[in-house]
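Participant: One structure coming up, written as structure tokens, with questions to follow.
Bear in mind that the values in this text are calculations on the coordinates, not laboratory data. Everything numeric in this text was worked out from a predicted model, so none of it was measured. Every residue, glycine as well, gets a Cβ built from its backbone with ideal geometry; the counts of neighbours run over all protein chains shown.
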């Protein structure tokens, strides 16, 4: 039986850009973007999970963490249904040089290449997940 996953992600805003990883759903043949982060483990707060996940995925430390909202995300990925409660955060990198890099290496399998800065425009080159994130970012100015 599938369960609901609790996830913490961070948008790392820089002007009108956010840092995202690129993925691909082989079943739908669809490329997509998603901010970095991951599952909240038992006994860990969403913010603690975010610090751990960014350390694991990017090898970077973060500060000024602010929760922007929570999204309930029901989706299908690679032909299987999924259900997540996604805690969406904004934060800053301790090392400000990250913002000048066009890409940031990801130390975790499953992503197509490094993280990249995505300009939030109406004509995104691929969907931004979780669904509702674009609208949440518009409200959390």
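Participant: Give the residues of region 84-115 that are loosely packed, with under 14 Cβ neighbours inside 10 Å and touching a helix residue (DSSP H, G or I) at 6+ places or on another chain (Cβ under 7 Å), sorted by residue number.
Facilitator: Listed by number, the residues that qualify are 107, 108.
Participant: Turning to a different aspect of this structure: Scan region 25-53 for residues that are over 19 Å from residue 134 (Cα atoms), part of a strand (DSSP E or B) and over 13 Å from the mean Cα position of the chain (by Cα) and jot them down.
Facilitator: Taking region 25-53 first, the residues over 19 Å from residue 134 (Cα atoms) are 25-29, 39-53.
From what is left, the residues that are part of a strand (DSSP E or B) are 25, 39.
Listed by number, the list holds a single entry, 25.
Participant: Further question on the same structure: Within region 79-99, how many residues turn out to be in contact with a strand residue (DSSP E or B) (Cβ under 6 Å, 6 or more places away or on another chain) and either within 24 Å of residue 132 (Cβ to Cβ) or part of a loop (DSSP other than H, G, I, E, B) (or both)?
Facilitator: Qualifying residue count, region 79-99: 12.
Participant: Can you name the residue in region 100-135 that is part of a helix (DSSP H, G or I) and within 13 Å of the chain's Cα centre (by Cα) and is also farthest from residue 57 (Cα to Cα) among such residues? Write out each step before concluding.
Facilitator: Within region 100-135, the first condition is being part of a helix (DSSP H, G or I), and the residues that meet it are 100, 133-135.
Filter once more, keeping what is within 13 Å of the chain's Cα centre (by Cα): 133-134.
Working: 133: 21, 134: 23 Å.
Among those that are part of a helix (DSSP H, G or I) and within 13 Å of the chain's Cα centre (by Cα), it is 134.
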